[in-house]
Structures are given as structure tokens and as C-alpha cells.
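Novice: Got a structure for you, written out below as C-alpha cells; questions coming shortly.
None of the figures in this text is laboratory data; all of them are computed from the coordinates on show. Note that the coordinates shown come from a computational prediction; the quantities given were computed from them, not determined experimentally. In this analysis, Cβ positions are derived from the backbone assuming ideal geometry, glycine residues included, and neighbour counts consider all displayed protein chains.
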Amino acid sequence: MRARIALACAALFLVTGGALIAVTYVLVDHNLPSAAKTTSNVDQTLLQRCKQSGGQGDVNFEAKCKDAFSAGAVAGAQQQGNAALSQFLVFSLSSLGVLTVIAGSVGWLVAGRILRPLRTVTDAARRASEHNLADRIALAGPRDELAELADTFDGMLDRLDAAFASQRRFVANASHELRTPLTVMRTAIDVTLAKRNRDPAALEAMAVEVRHAVDQAEKLIDALLTLARSDRGSHGTEFVDLATAAEDAVESTAGELAELDVTTELQPAELHGDRILLERMVANLVQNAARHNRPGGWIHLNTGQRDGKAWLRVANSGTVVPPDVVPSLFEPFRRLRDRVGDGQGVGLGLSIVRSVATNHGGDVRGRALPDGGLEIDVTLPATGGDPL
């Protein structure tokens, strides 16, 4: 790039310099004194000298003298003009060649100074890796395109650093969550087998505990597979109505909603996407509202469509949630209280909701309610116009 800039500077100077020389050459050639003007200026002096020099016997002597001088004046003027133009052209072209080389050299030096920040960005890109994302360019100087590039690169490193940190936390938490039911099963089996007098009641209790741990592991694996499928982004294009999905979610969670006051206002919210993922998203929100509620609490479920967007809102009563904690609840395995949970959930419900919404081109936002509980709003691109 530095060489191209230097060549561009030299070529630009050569073209503009050549054009300037051509224009100047034409103007000089056009404005040189003409032979006719030179002849008219010496006509009277020529006639006086011709009269004094003799030639009385030749009536044409004066005319011949005048013609001879005119021819000589024309030849001299032409020779002098050609010599001046030739010298001008040689000097101009020589100067143009030398100055073109100088312009290219100056372009090389200036380009090196201008492109120095690019080398800084390149060095930072070479140093960056999964285990070294802490370095930042922090380019100083004028806020030009190169500074914008450096800031963009720093922003990319920030996002990569956050993504790798989130991935490491996810792997660590997932391994812990998967190890927990296995540990429960192993402990239950070892304790039962360690008893010398094992009766059917002890074996049955062990089986119940192992079955509960297996169910918890199955839920976790199913949630992880759903999250992986959503993050992959290869969803289908089936027709889905969030209102219908919300009705199905309420019916399937009827047992957990029995002691809660559930109100619904379901208007058509039509879109195209992965039916399984979208229905899982709605079900997760309803289940989350039911499980993290208080006895005798309430749930409000609304769907609708406006401004080319299909939306879903789930609000529920419950424990008071600090507003600054709400964004972290959408991270994998993040819970309001403990990290292991009470066995009802696996800590991936809202993570799946955010992943599904994002990969369908939508957005999800949470808000802590003043009296306790959460309100979750999901917005997705709708199909067709707004309903009448």
C-alpha cells in the first residue's frame, strides 16, 4: 500500500506537471513577437539607410533592400522563437522528471507516516489469540479513518474477550451441573450398598433418588441441546403464531399454574421461524414465571402484533429482583439465589429465550417489577401486516 501511494503521488504529479507544461508551451508559442511586427518597427530606419547607401540607378533598390531585410527578420524571429521554445521544453521536461522522482520519494515518506497505525493494528492482530486478548491499540492522534479502524479492532477484541470468558464460564458451569446428578446417583448407590441389612424400602428410596437425579440430568442435557440448536442459527421457516404457542404453554404447565392467578390477552402474533424453538421459548417463559412466583401470586401473559413486529410479554409476581441483576439472569446457569438450584430448573431457561429471539432477528428485554417479580418482553419480526 505504501508503494502504491508513492507511485500514485508520482503519477499524479507527472500528469498534472505535463499538462501544465503543455499549456505553458502553447501560451509561450502564441505570444512570441511575430516577424511582421519586427519588420514594421524597422521599416523607416531601413528606408533611410537605403537612400544613403546609393543604388540611384536602380529604381527597385529600395524594394529589394526591404524584401531582403524582411526575409532575414522573419528567419531570425523564427529561429529565435524555436530556440526559446526548445530550451523551455528541455528545461521543463528535465525539471518534471526530477520533481516526479522527488514527489514519489516524498509520497513514500508521507505514506509511511500515515500508514504507521496500520502496522500497529497488524501487530496487535498477530498477538491476539484465545489466551491473549487483553492488549488494546488505544490509538492516539487525529480521529480519522485509521483511528476509527483501531477503535473498531479494540471493540472486536473486547467482544471476543467477553465471548471467550463467557464460553469458559459456560463450560465450567455445564460440567458442574452435569456432575451434580451423577454425584447424587453415586452417593445414593454407595450409601445403600454400604448398608449390611438392605431392605426393599431402602432400595426403593435409592431408586427414587436415582430416578430424580436422572430426570434432572435429562432436563439439563435437553436444555443444552436446545441451546446448541438455537445458537447454530439454522432454524426453519414454518408459520408460527405466538398466541397459539402461549395457549399450549399454559395448558402444558397447568399443574404448576393451579395456585396462581393467570390472566391472558392473546392477540395474533404471526411470524415464520423454527416452530420447535419458538414454542420452547414461550414454554420456558411460562414455566419460569410459574416456578419463580410466590404462593397465590399472579401471571399476566400477552401477545400481539404492531409496526411489523410480533411481541410476547410475560409478567409475574415473585421475589424482589435488584434491577442490576436482571441482565445477568439471561446468562447460562445464572440464578437469583444459588447456582445449583432447587431441582425445578437447570438455569438455562432465559438463556434459551434470548438465544432463540436473537437468532430469529428479535430482541428480549427484562424488567424488575417494584413489588417483586419480572416482566419479560420478546419482540420478533412479524409476518404480513398488522391485524385489523
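Novice: Send over the Kirkwood Rh of the range 85-227, from the inverse of the averaged 1/r over different Cα pairs, rounded to one decimal Å.
Specialist: 22.2 Å
Novice: Tell me, what is the FRET efficiency for Ala205 and Thr358 to the nearest 0.05, using R0 = 25 angstrom and their Cβ-Cβ distance as r?
Specialist: 0.05
Novice: How much length would be gained if the chain were fully extended between Leu12 and Ala228, taking 0.36 nm per residue of separation minus their Cα-Cα distance, in nm to one decimal?
Specialist: Between Leu12 and Ala228, full extension yields 72.2 nm more.
Novice: What is the set of long-range amide H partners of Lys309 at a cut-off below 5 Å, with H atoms built 1.01 Å from backbone N?
Specialist: Ala382
Novice: Expressed as a fraction of 2.2 N^0.38 Å, the rule-of-thumb size for a compact globular protein of N residues, what is the C-alpha radius of gyration of the range 145-228?
Specialist: Here the answer is 1.90, to two decimals.
Novice: Follow-up. Report the semi-axes of the equivalent ellipsoid for the range 202-289 in whole Å, largest first, where each axis is √(5λ) for an eigenvalue λ of the Cα gyration tensor.
Specialist: Each semi-axis is the square root of five times an eigenvalue, giving 30, 21, 8 Å.
Novice: At a 10 angstrom cut-off on C-beta neighbours, averaged per residue, how do the peptides 281-290, 163-172 rank from highest to lowest?
Specialist: Going from most to least packed, we get 281-290, 163-172.
Novice: Moving to a separate point now. So if we plug the beta-carbon distance of Thr263 and Ser166 into 1/(1 + (r/R0)^6) with R0 = 35 Å, what FRET efficiency do we get, rounded to 0.05?
Specialist: Working from the Cβ atoms, E equals 0.45.
Novice: Hey, could you pull the Cα Rg and Dmax for the range 152-298, both in Å?
Specialist: 21.1, 69
Novice: Now for a different question. What ranking do 306-318, 9-21 get when scored by the average of other Cβ atoms within 10 Å per residue, highest first?
Specialist: 306-318, 9-21
Novice: Related question: At what distance in nm do the modelled label points of Trp298 and Val214 sit from each other, each positioned 7 Å from its Cα along Cα→Cβ?
Specialist: Each label point lies 7 Å from its Cα, and together they span 4.3 nm.
Novice: Suppose R0 equals 51 Å. What FRET efficiency, 1/(1 + (r/R0)^6) with r the Cβ-Cβ distance, do Arg127 and Leu93 give to the nearest 0.05?
Specialist: That pair, Arg127 with Leu93, gives E of 0.55.
Novice: Beyond 19 Å, what percent of the Cα pairs of the range 281-333 remain?
Specialist: Taking all Cα-Cα pairs of the range 281-333, the fraction more than 19 Å apart is 38 percent.
Novice: Also, quick follow-up: Once phi is turned into ³J(HN,Hα) by the Karplus curve 6.51 cos²θ - 1.76 cosθ + 1.60 with θ = phi - 60°, what whole-Hz value does each residue of the range 161-172 show in order, with x for glycine and proline?
Specialist: Per residue, the Karplus-derived 3J(HN,Hα) values read 4, 5, 5, 5, 5, 5, 5, 5, 5, 4, 5, 5 Hz.
Novice: Once the convex hull of the alpha carbons of the range 236-381 is built, what does its volume come to per residue, in cubic angstrom?
Specialist: Cα convex hull per residue, to the nearest whole number: 105 Å³.
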